[in-house]
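Read through the structure below, which is laid out as structure tokens, and then see the notes.
The values are calculated or read from the model by the stated rules, or taken from the named source; none is laboratory data. On a predicted model such as this, the values are computed, not experimentally measured, just so you know. Counting neighbours? That spans all protein chains shown, and the Cβs are built from the backbone with ideal geometry, glycine included.
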């Protein structure tokens, strides 16, 4: 990434926006993109340096407190000592908005970044950060599209945590050196690891370990499930064996049926070619079958008739017996009537005698008193008449003998039947019809047989017989096949059921089980190579940083005759090694060079392309080292922004020595009655026209 | 500066080289592309605490993809 242009609107000491905004153009000719901005202390170098931090991350550290203390400059404030980001003059003029715009190149595209803060609508005078509304956009200038997640995009260019390696303050260089040396800033060591991309390996090992453990858990579950399924395995194998066997039988039988049907087809083809003979033969067969059926029916009728004939005499006698039975019935009825009359007469005589004797009536209890003689004679006469009648009835009621009459009646009743001679006649008629049908069918059979010769009939007979045989065989085989298919379904059902109980594995590992095994194998191998590379990479990076920083340091130091190299321990503790192999503490100037050397090595190794933006870069360095350092920095292939203080690098000397390496050089000036406004004045311009 | 290779270039080369020499990985269908994708995930997720959880999920997906690819081949 390279910055091409910085535009400040009401940013800290830089008053003015719109047409009066502060612009620093870095679009140099021939690809020159370096920048020097000279400025005396308090003129606004740091504010300029911070404008880039604000543009990228939306906040600005209080200068001396570093990147990790979480203390940031306020967005607004009315007093200078608060160091608000909104220009105080603009604030006083009630222009409550400030912004920083960056134009930059990243990859093959140019982008415009605009980050701003403006007072919220309902706030008259913003006094706290929460009174301000933030806005942040990045636009791709090639296609005018806006980047959807600008913060994420910026983090992908340079994570904020690593920004301190690219944007640093020369005043803190000595502190950097001490931190490296004394191994007390664990966070910084961690960031060194980040710059060297160690987390790609460390986190990779961690993630792959976790994934391996997770896969192992899944594998265990599969193993447990599989062991549970083993108890069903024997049954499964038994039924599976049966199923396989019957599958084979069915398959073979399918072939047999096909073969039989082929043969039948051949027979049918022959019979079709010999159609008339075959037709006659077919008719013969039909007639013969009909005759056979009819003869069967005739026989059946004959049996029925034989069963019915023994009752036929009963059917004939029944009318006469019925007449006799009627007569017997009349006789029996007469005798019973006479018995009832005898009873009645005897009761009457009893009552009449009671009258005569003056006794109460046996039925009503009435007593007849003082009967006259005439009345008495009349009663006597009636009694005698009744007695005579009783005697007569006694004679007739037992003639003929009632017992004989009853037995006779029973005998005759046994003879009678409800069978009707009409049924027998119907059977006989049917019998005659069937016999007639047999005769006519035999005539037809005779005619059919006359149509074919004996020889032809023999051949046709042979094929028809073959056809019958084949048809029957096919029927039999298909019947067997149906039965076996039912068995097959049963075996399938049993094996499927057992398979379900075994989790579908059939005692074998499931696909998911096999997949997890493969995954485990791959994860383990990946984890091992990640671990292997991690172990070696750390040392390889240390060695490269040591080598690179030693080269830079030896280029820059004016004590190359005394020092031989830098030494970096695995924990990144750094030492200067003399030619005699001893450690040397080094002066503060040498320490600053060590810090530069390390920062240069780390940023180069990071693979992150971001400008080196250094505020007061020559602090702690003497003139010789400053010139050597600047010369080195401007001759690397990275973009470098230097904001030197007048004592570090005088503008005239800087322009003379390094102006040709830069797109432009600027100088910060002060203006205003109280000298509080900063503004930029261009010096060297190697800008694109 | 002996060469201009960054740390990420060097570790990528090392991982690719080791993966290429690993018969189990090559037989399983693990390609350079898979390795580069895993590196890219870990690199992108390096500074995102929330997304560190995602890296495992994303790597897991790649592993599943490799296994599926092996099944299909």
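Some notes on this structure:
- Members of the stretch A:480-529 found to be at the interface with chain B (Cβ under 9 Å from one of its Cβ atoms), under 24 Å from the mean Cα position of the chain (by Cα) and crowded, with 17+ Cβ neighbours inside 10 Å, listed by number: A:515, A:516, A:518, A:519
- Residues within the stretch A:651-687 that are touching a strand residue (DSSP E or B) at 6+ places or on another chain (Cβ under 8 Å) and surrounded by 14 or more Cβ atoms within 10 Å (Cβ to Cβ), tallied: 25
- Any chance residue A:205 is outside the structural domain of residue A:484 (by TED's automatic domain parsing) and within 15 Å of residue A:502 (Cα to Cα): no
- Residue check, residue A:598 outside any loop (DSSP other than H, G, I, E, B), touching a strand residue (DSSP E or B) at 6+ places or on another chain (Cβ under 6 Å) and crowded, with 22+ Cβ neighbours inside 10 Å: no
- Looking across the stretch A:521-548, just one residue is touching a strand residue (DSSP E or B) at 6+ places or on another chain (Cβ under 6 Å) and within 17 Å of residue A:581 (Cα to Cα), and that is A:546.
- Residue, surrounded by the fewest Cβ atoms within 10 Å (Cβ to Cβ), within the stretch B:53-67, restricted to residues that are at the interface with another protein chain (Cβ under 7 Å from one of its Cβ atoms) and under 17 Å from residue A:202 (Cβ atoms): B:56
- Among the candidates A:536, A:548, the residue that is within 27 Å of residue A:626 (Cα to Cα) and either assigned to a helix (DSSP H, G or I) or within 14 Å of chain B (Cβ to nearest Cβ) (or both) is uniquely A:548.
- For the stretch B:38-52, taking the residues that are assigned to a loop (DSSP other than H, G, I, E, B) and more than 7 Å from every other protein chain (Cβ to nearest Cβ), the one that is modelled with the highest pLDDT is identified as B:45.
- Evaluation of residue A:555 against (1) within 52 Å of the chain's Cα centre (by Cα); (2) within 14 Å of another protein chain (Cβ to nearest Cβ) (one fails), failing number: (1)
- Scope the stretch A:275-289; condition surrounded by fewer than 19 Cβ atoms within 10 Å (Cβ to Cβ) and either closer than 17 Å to residue A:470 by Cβ or at pLDDT 75 or above (or both); matching residues: A:282, A:283, A:285, A:286, A:288, A:289
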